[in-house]
Amino acid sequence: MIEILNPTELARARESGALVADILQALKSRCAVGTNLLDIDSWARAMILDAGAQSCYVDYAPSFGRGPFGHYICTGVNDAVLHGLPHNYTLADGDLLTLDLAVSKDGVAADSAISFIVGDARPAESVAMISATERALSAGIAAAGPGARIGDISHAIGAVLSEAGYPINTEFGGHGIGSTMHQDPHVPNTGRPGRGYKLRPGLLLALEPWIMADTAELITDADGWTLRSATGCRTAHSEHTIAITSVGAEILTLP
């Protein structure tokens with residue numbers, strides 16, 4: 001299903017996007033050496049409920065997970081890149097942490113992810129990976145105007161990631177979003193320009209470049225949810241929800 005939102009729904013999407021951005025930044029500010037992933041999940045739950053919003057994750061049970069997910073945020077550490085199930089792990093100095101959050105408020109969802117390094121250490125590889133996903137996300141957003149096609153976004157994202165030297169997995173990528181978290185169209189992180197669905201004002205997309213340092217192969221953790229790099233290498237993930245407008249892409253999940 002591909003939804004095109006009307007102006008009233010777009011206004012609600014902006015509120016949902018602002019909420020997601022605010023929660024992610026608040027969580028980032030509280031994450032430190034010694035923080036437990038389960039504490040992050042608890043903080044996220046409280047912020048979502050206090051805002052009168054609903055988690056898109058708690059009851060989520062797609063075919064690729066051992067559902068329902070049962071938590072309020074995805075927490076990926078180091079080699080865990082997608083769908084990280086919060087568990088009893090204490091963050092260490094230099095850990096690369098990804099927080100991925102989707103909430104729905106007043107019937108419209110927004111989705112965003114940030115990766116950052118915990119503590120004072122700054123491993124060069126981790127810094128470079130985070131930067132590559134952020135640059136790729138910016139390129140994808142710049143390519144997302146009315147009349148452009150999904151392939152234009154995918155090509156822009158993939159060009160940045162490939163130039164930076166990272167393998168690209170196309171099993172999981174960006175997606176449409178609206179009254180539900182995951183909708184068509186699928187937005188792979190590489191592709192051919194001029195191909196795919198033609199963008200229209202009112203379309204919401206969640207764009208999410210993610211990479212693994214030296215592989216394109218994923219493995220599923222024993223928890224049935226967390227996707228990790230097959231080689232144990234580090235990973236990074238950046239995501240924004242955008243709205244296609246008559247003049248370009250509006251980022252709804254900016255801090």
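Structure above, values below:
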item: Matching residues, the stretch 220-255, being open to solvent by less than 10 Å² (accessible area, probe 1.4 Å) and of a type in the set (Asp, Glu); result: 239
item: Some residue of the stretch 81-88 being more than 15 Å from residue 234 (Cα to Cα), over 18 Å from the mean Cα position of the chain (by Cα) and free of Cβ contacts under 8 Å to residues at least 60 places away in the same chain; result: yes
item: Qualifying positions in the stretch 162-177 - in a loop (DSSP other than H, G, I, E, B), within 17 Å of the chain's Cα centre (by Cα) and surrounded by 19 or more Cβ atoms within 10 Å (Cβ to Cβ); result: 168, 169, 173, 177
item: Whichever residue in the stretch 19-31 is assigned to a helix (DSSP H, G or I) and hydrophobic (A, V, I, L, M, F, W, C) and, among such residues, is surrounded by the fewest Cβ atoms within 10 Å (Cβ to Cβ); result: 26
item: Tally of residues being open to solvent by 20 Å² or more (accessible area, probe 1.4 Å) and among the hydroxyl-bearing types (Ser, Thr, Tyr) across the stretch 70-103; result: 3
item: Set 152, 100: member being touching a Cys at 6+ places or on another chain (Cβ under 7 Å), among the acidic types (Asp, Glu) and touching a residue at least 40 places away in the same chain (Cβ under 8 Å); result: 100
item: Residues that are touching a residue at least 60 places away in the same chain (Cβ under 8 Å) and either over 30 Å from residue 4 (Cβ atoms) or surrounded by fewer than 16 Cβ atoms within 10 Å (Cβ to Cβ) (or both), drawn from the stretch 202-219; result: 211, 212, 213, 218
item: Any hit, the stretch 178-195, residues being part of a loop (DSSP other than H, G, I, E, B), surrounded by fewer than 16 Cβ atoms within 10 Å (Cβ to Cβ) and of a type in the set (D, E, K, R); result: yes
item: Residues located in the stretch 115-143, provided they are touching a residue at least 40 places away in the same chain (Cβ under 8 Å), outside any helix (DSSP H, G or I) and within 17 Å of the chain's Cα centre (by Cα); result: 115, 116
item: Verdict on residue 42 being buried (at least 21 other Cβ atoms within 10 Å of the Cβ) and hydroxyl-bearing (Ser, Thr, Tyr); result: no
item: Any hit, the stretch 13-25, residues being under 28 Å from residue 222 (Cβ atoms) and touching a Phe, Trp or Tyr at 6+ places or on another chain (Cβ under 6 Å); result: no
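Matching residues to (1) among the aliphatic types (A, V, I, L, M); (2) part of a strand (DSSP E or B); (3) within 27 Å of residue 14 (Cα to Cα):
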position	(1), (2), (3)
33	yes, no, no
38	yes, no, no
46	yes, no, yes
64	no, no, no
76	no, yes, yes
94	no, no, no
100	no, yes, yes
103	yes, yes, yes
113	yes, yes, yes
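The values are calculated or read from the model by the stated rules, or taken from the named source; none is laboratory data. What you see is a predicted model, and the numbers here were worked out from it, not measured in a lab. Virtual Cβ from ideal backbone geometry, glycine too; neighbours counted across all protein chains shown. What goes into the accessible areas is simple: the full protein's heavy atoms, side chains included, and nothing from ligands, DNA or RNA. Shrake-Rupley method; radii C 1.70, N 1.55, O 1.52, S 1.80 Å.
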